[in-house]
1. Loop-only trypsin sites (Lys or Arg not before Pro) in segment 51-151, please: DSSP not H, G, I, E or B, and at most 14 other Cβ atoms within 10 Å.
2. K148 to H84: FRET efficiency via 1/(1 + (r/R0)^6), r the Cβ-Cβ distance, R0 22 Å, to the nearest 0.05?
3. Between their Cα atoms, which of K35/K117; K117/K148; K63/K148; K35/K118 are more than 24 Å away from each other?
4. Using a 1.4 Å probe over the heavy atoms of the protein chains, calculate the carbon and sulfur portion of the accessible area of segment 47-186 as a whole percent.
5. Quick one: accessible area per residue over segment 47-186, 1.4 Å probe, rounded to a whole number of Å²?
6. Can you sort Y80, Y53 by solvent-accessible area, 1.4 Å probe, largest first?
7. Sort 89-98, 28-37 by the packing proxy (mean of other Cβ within 10 Å over each peptide's residues), most packed first.
8. For I25 and A98, what is the calculated FRET efficiency with R₀ set at 41 Å and r taken between the beta-carbons, to the nearest 0.05?
Amino acid sequence: MNNPEPPSSEHTLAEQVQMLMEQVIHLQNDVTDLKNQISVLNAKDLSIAFFTYLKNDLVNVTKGTTLSFSGIRTNIGNAYDPVHGIFVAPASGSYNFAFSGSAQPASQDHGLHIFLKKNGVSEMYVFFDHNSHEWIQHGGSVVLHLNKGDRVWLEVGDRWGSNILGGSRAADNAYHSHFSGFLVQAD
């Protein structure tokens, strides 16, 4: 009778080691995938929001000036720099930004345009022109996609005549001009 030789113990051991190595590699890949999924979920759960206001009136600011809102009510994630007036995106995603300003009346013709800039490109603007009788308040908002490290700020555009952008009033805790933003959803 022709009986096949029983497998040697070395051959069986080598097969078992190979099978275990394949399982280890599979498990390592699973761990890597899970770590990546956790990173994505953590990024999506980021809380990023700021609300800032002008502490003092801005009088006749020059074209090209970056507006620095140094009054901080909220700065979750510390992405807004009140010294330089610049928001730097800590994560890629969709963000909402809003600006509202109040301007005092002037007796002569005047105008003031405020632009929201993303990396130096205008994305929105608000204007305060020809106001001679009452305070006016104008504002705007925009939703932008930002990559991590993108910069957003408010900058003075065209201006002429005498202009005053209203700051905070301590008597009624009124924030006449303010800038805010928040992460809608991370990528």
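The values are calculated or read from the model by the stated rules, or taken from the named source; none is laboratory data. Computed from a prediction, not measured in an experiment: that's the story for all the values here. Ideal geometry is used to build each Cβ from the backbone, glycine not excepted, and the neighbour counts take in all protein chains shown. Ligands, DNA and RNA are excluded from the accessible area calculation, which covers all protein heavy atoms including side chains. Shrake-Rupley method; radii C 1.70, N 1.55, O 1.52, S 1.80 Å.
1. Listed in order of number, the matching sites are K63, K148.
2. That pair, K148 with H84, gives E of 0.75.
3. Pairs exceeding the cut-off: K35/K117; K63/K148; K35/K118.
4. Percent of accessible area from carbon and sulfur atoms in segment 47-186: 49.
5. Each residue of segment 47-186 exposes 47 Å² on average to a 1.4 Å probe.
6. Of Y80, Y53, the descending order of accessible area is Y53, Y80.
7. With the highest mean Cβ count within 10 Å placed first, the list reads 89-98, 28-37.
8. The computed FRET efficiency comes out at 0.20.
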